[in-house]
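Just below is one structure, and these are the notes that go with it.
The values are calculated or read from the model by the stated rules, or taken from the named source; none is laboratory data. Note that the coordinates shown come from a computational prediction; the quantities given were computed from them, not determined experimentally. Please note: Cβ atoms are built from the backbone with ideal geometry, for glycine as well, and neighbour counts cover all protein chains shown. Just so you know, the surface numbers come from the protein's heavy atoms only, side chains and all, with ligands and any DNA or RNA stripped out. Shrake-Rupley method; radii C 1.70, N 1.55, O 1.52, S 1.80 Å.
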Amino acid sequence: MSSLRTLATAAFASIALAAATFAVGVPAHAIDTTSNVVISEVYGGGGNSGAVFTNDFIELYNTSGAPVSLDGWSVQYASATGTSWQTTLLTGTIPASGFYLVGEAAGSGGTTPLPGPDVVGTIPMSGSSGKVALVNGAAALTCAGACVSAPGVVDFVGYGTANEPPTGTVAPGLSSTTSDQRTLVPFANSGNNLADFTAGAPTPKSAPVGVPTGPDCTANPVPAACVPGPDTIQDIQGSGFVSPLDDQVVGNVAGIVTAVRTGSGGGFWIQQPTPDPARPSASSGLFVFGSSAVVAIGDSVLVSGTVNDFYPLSSGESLANTASLSITELGKVTAVTTISKANPLPATVVLGSDTVPDTFSPTVAGGNIETIDPLDPSRSAQEFFEAHEGMLVGIDNARVVGPGNTRFGEVYVTTKPAQQATPRGGTYIGGYDQLPSGRLLVAPVNGVVPAANVGDVLGGQTSGPVDWSTFGGYDIAATRVGSYEPHVLAGTSATAQAPDQLAIATYNVENLAPGDPTTKYERLAKGLIQNLATPDIVTVEEIQDNTGAADDGVVAADLTLQQLTDAIVAAGGPRYEWSQIDPVNDADGGQPGGNIRVVFLYNPARVTFVARPGGDSTTALSVSTGADHTAELSLSPGRVEPTDDAWTTSRKPLAGEFLFNGAKVIVVANHFNSKGGDQIAEGRFQPPTRSSEVQRTKQAVVLNTFVKQVLAADPDANIVLAGDFNDYQFSGPIMTLTDNGMTLTDLINTLPVNERYTYNFNGISQVLDHIFVSKPITDVQYDVIHINSEFAAQASDHDPQVARIRPAPKTQPAVTVD
C-alpha cells in the first residue's frame, strides 16, 4: 500500500549511508590523540533564526598524507547531559590532508545550503551545547557519563555546557552564527577541547570536486557498495501511472543526479543514463525524497531505499478520495553511494509544439486513469508526462499563459503557442473536453519566478525534471529558467456610455475589507472610473464586513463601502451611493468571519434607485404587476428566496429596481457558490466529478424561476443579472439559468470564442463572471475589461465587465372602449 504524507507535515526522509565491507582498525578504548582523522568543526545552529547555513554539520579532517577509509565509522551526537546517542553512518574515503563534511538536520531558516556534504544524516544538533563523538564503529554508544573512553571513540567534542569534555574543559558554547573550529595547527588533537577549539563564523568544507568520496570502485574485488542492484529506474517507474514495485525495498539503484531541491519536500532527481528505448512508457527519471544536500548535479550515484507512490494530500483528503496522481519516488533512503562526479547529464527532452499530444486526458472505463497499463505517451498529455516523470524536459522561448506568482514560485507557460490562444497571449478553455494540453506549470527548485504577465516570454530554455504540483498537474521542477522578456500588456478600457445608454458593470473585488492597503482601493477606483468608464450601476461581489476576516459577529459593511466610494471620488469619479443587505453572521460562505456580500453601487446623477423598505437577510421578495403595468418588486433591495437550501453557506442574490430615462430596469447582483470540492481537472479521475455544480444548479433553478416571475408580471421587463456565477458559459448550471439561451442572453457568448474569459486559474483563461440580459433588451454593447487576471500585480483576481444597454420604456397597453 502506498505511504501517505500531508503537505503540511511532510518531513525529510532519514538518510543514512550504508557501511561497506572494508576491514576497520582496532577500536580505541579512549580518545585516540594519535588518530589521523579528527573532528575539525562542529556547528549546531544550521537553519536557526539568523543562520546563514540551512543545516547543522560536523566536519572531519585527515592530518595524514594518505587517504583513510571511513567505511564502518560513524559520527554520533547527544545533548549536553544526554545519554541517548544518535548516529550518522560514514562511508567512503577522506582524502589525504583533506576534509570530509557530514551534513545534519536542516532548520526552517538559513539561506545557503552546505557545500556538497560527503554524507548527510538527520541529527538535529543543539545550537548552543551538546556532545559529538567520532566512532570507529556503526553501533550507537550506550555509555552513560563515560563516553570519552568508550570502545571505538576516536575523537570527542563537548561544547557549551556539555557534561563530558575529554580533558580540561569544554569547547565554547555556540550560536546561530558561530561554530567550534579546531585551531591547533596542523589540527593536532591535544585532547583538551577548550585548548583545541575556538568559536567563529562557520566554515564547512568537504572533499574537493573530483576526489572520490565513495568506496574505491576500482578495487578487486569490487566492493558491494559499487555494484548496481537488479532494479533500474525504468523497473521502478513501470509502464503505468503506479509503480509495480510500490512499497518494495530496492538496493543500489543507479542514476545521474539531474536536480536538487532544498527545503520542505526536499530531495534530488536521478535519471538512468542509458534507458531501454524499447520501453517508451517507462520513465527513466526518479525523485529521491530526503535531504537535498546529499549529492550534487552530475554525480553518478547508487541509491537504496523504499519505492513509494506518494500522493500529495491536502487537508481532509485521503488516498481513497484524492484526485491527485501520484509521484513515484524513492524514500526511506538507507544508502547513497557516490561513484563519480561531474558526469554529463542525460539529454533534455525539448517540448516543441508537436511533442505533447493535443488530447489532454485518456478515456478509460471506470474513470480512474491509473488503471491504464501500459501508457501510450502519444495518446494524451497526461500519459506523456507520466512516461517522462522525473526526466529532464525543456521548453524553448516559453510564452507565459498564467501570471507569475512570486509568493509560491510558480508561473504557467505553454508548449503549444497556437493552441486555443487568446488575442492577448493566454490559452482558453472552450469546453470540458477542451483542456489545453500545452499548458504547463514551471515551479523552479529555488522558488524564484519573474513577476511575469500573460504574453511575456521566458527566453532561451527553461528546463528541469518533470514533477507533480502540490496544487495538481504535472510541472517542471526547473533548475534553469529562461531570461525574462516582458512584452507590453496594457489593460483594456470600455467606451463611455452615451447619454441614452445605461452602463451596468460587475466586479468581484476579492475580499475587500477596511484593513486592505490603500493601494488596492486606489486601483479598484481607477479601474471603475478609467477602465470601466464610470458605469451607472455596479454589482460588487466580495465586500467584507467592517472588521474583515475577524470572526467577531460584526456584519455591517458601511466602513468598507465608505472607503471604496471615497477612493472613487479621489480618483475623479462621482459620489456613488450604495444599497445592500447585511447577511446573517457566518451564513454566506467565503472567508470565515468576512461575511462577504453583493452590493449595488450606483451613480444618483444618472439613475434613480427605487427604494422599497423591508428587505432583510431572511425575507424573500415577491413580484407583482404595478399600476404602470411593469413588474414591481415588493422589496428593493430584496433577496431572492434567501432561506431556500440552494443558498446554504452561499451568497444570496440581491434584486433592486432602477429607473433610467423613464425606463425601469430590474438588476440582480449574484455570487454563486464556489467550485470548492470539485475534483481537479488534471487528476486521475477523468472526467473529474464537479460536485459543486449540484448546488449551483439549484441556485440557477431558483434564479430562473424568479426571472420568469418577473417576465410573467411584465413580458417586456428589462432584466439584468450580473455577478460572479463561478461557472463556465458552457456549464450545466449556466444552461439551466438561461434555458439554453432561450430566456436570458449570456453576453459573454456575444464575443469571439477566444475572447471569452474573465479569470485565469492554473494558466487557463476562463469564464466565471457573467452579465445576462432578458430578451426584450436588444440594444447592447458589451466588454470584458482585462485589468487583473492576466497580470502578476492585481487589484483583484477577477476582470470586471460592463454592458451598455438602451432599455425601452414600457409601452402602455391600449385602452379598449366598449
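Scanning the range 724-739 finds no residues that are of a type outside the set (Ser, Thr, Tyr), farther than 21 Å from Ile785 by Cα, under 26 Å from the mean Cα position of the chain (by Cα) and open to solvent by 40 Å² or more (accessible area, probe 1.4 Å). On the stretch given as the range 483-515, residues that are among the hydroxyl-bearing types (Ser, Thr, Tyr) and within 25 Å of the chain's Cα centre (by Cα) total 2. Of all residues in the range 670-696, those being buried (at least 18 other Cβ atoms within 10 Å of the Cβ) and under 18 Å from the mean Cα position of the chain (by Cα) number 4. Among the criteria (1) open to solvent by less than 10 Å² (accessible area, probe 1.4 Å); (2) farther than 21 Å from Asn531 by Cα; (3) not aromatic (Phe, Trp, Tyr), the one Leu564 does not fulfil is (2). Return the residues of the range 102-119 that are crowded, with 24+ Cβ neighbours inside 10 Å and either part of a loop (DSSP other than H, G, I, E, B) or in contact with a Leu (Cβ under 8 Å, 6 or more places away or on another chain) (or both); say none if nothing qualifies. Scanning the range 102-119 gives Val102, Gly103, Leu114, Pro117, Asp118, Val119.
Quick grid of which residues meet (1) outside any strand (DSSP E or B); (2) open to solvent by 10 Å² or more (accessible area, probe 1.4 Å); (3) within 22 Å of Arg182 (Cβ to Cβ):
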| site | (1), (2), (3) |
| --- | --- |
| Phe57 | no, no, yes |
| Leu60 | no, no, yes |
| Gly72 | yes, yes, no |
| Thr81 | yes, yes, no |
| Ser97 | yes, yes, yes |
| Pro124 | yes, yes, no |
| Ala140 | yes, yes, no |
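To keep it simple, each residue is scored yes or no on (1) acidic (Asp, Glu); (2) out of contact with any Lys or Arg (no Cβ under 6 Å at 6 or more places or on another chain); (3) in a loop (DSSP other than H, G, I, E, B).
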position: Val668; (1), (2), (3): no, yes, no
position: Gln679; (1), (2), (3): no, yes, yes
position: Glu682; (1), (2), (3): yes, yes, yes
position: Pro687; (1), (2), (3): no, yes, yes
position: Arg690; (1), (2), (3): no, yes, yes
position: Gln695; (1), (2), (3): no, yes, no
position: Leu703; (1), (2), (3): no, yes, no
position: Val707; (1), (2), (3): no, yes, no
position: Pro715; (1), (2), (3): no, yes, yes
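Only one of the numbered conditions (1) assigned to a helix (DSSP H, G or I); (2) open to solvent by less than 30 Å² (accessible area, probe 1.4 Å); (3) among the aliphatic types (A, V, I, L, M) is not met by Leu711, and that is (2).
Residue-by-condition table, conditions (1) within 23 Å of Pro809 (Cβ to Cβ); (2) touching a Ser or Thr at 6+ places or on another chain (Cβ under 9 Å); (3) in contact (Cβ under 8 Å) with a residue 12 or more places away in the chain:
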site: Gln544; (1), (2), (3): no, yes, yes
site: Ala550; (1), (2), (3): no, no, yes
site: Ala557; (1), (2), (3): no, no, yes
site: Ala571; (1), (2), (3): no, no, yes
site: Ile581; (1), (2), (3): no, yes, yes
site: Val584; (1), (2), (3): no, yes, yes
site: Asp616; (1), (2), (3): no, no, yes
site: Ala631; (1), (2), (3): yes, yes, yes
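In this structure, Ala144 qualifies as touching a residue at least 24 places away in the same chain (Cβ under 8 Å) and either assigned to a helix (DSSP H, G or I) or open to solvent by 40 Å² or more (accessible area, probe 1.4 Å) (or both). Where strands (runs of 3 or more DSSP E) sit wholly within the range 276-352, those with at least 1 residues that are more than 19 Å from Val102 (Cβ to Cβ), open to solvent by 20 Å² or more (accessible area, probe 1.4 Å) and at pLDDT below 95 occupy 300-310, 327-340.
Going through the range 189-208 one residue at a time, which ones are assigned to a loop (DSSP other than H, G, I, E, B) and closer than 20 Å to Asn55 by Cα? Correct list: Ala201, Pro202, Thr203, Pro204, Lys205, Ser206, Ala207, Pro208.
Residue by residue, here is whether (1) free of Cβ contacts under 8 Å to residues at least 60 places away in the same chain; (2) open to solvent by 10 Å² or more (accessible area, probe 1.4 Å) holds:
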position	(1), (2)
Lys698	yes, yes
Val702	no, yes
Val707	no, no
Gly741	yes, yes
Leu747	yes, no
Val780	yes, yes
Glu790	no, no
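Of all residues being crowded, with 21+ Cβ neighbours inside 10 Å and part of a loop (DSSP other than H, G, I, E, B) in the range 516-538, which is nearest to the chain's Cα centre (by Cα)? Just the residue, please. Step by step, filter the range 516-538, then rank; the result is Leu532.
On the given criteria, is Ala605 in a loop (DSSP other than H, G, I, E, B), over 24 Å from Asn726 (Cα atoms), of a type in the set (A, V, I, L, M) and open to solvent by 60 Å² or more (accessible area, probe 1.4 Å)?
Yes; evaluated as a whole, the condition is true for this residue.
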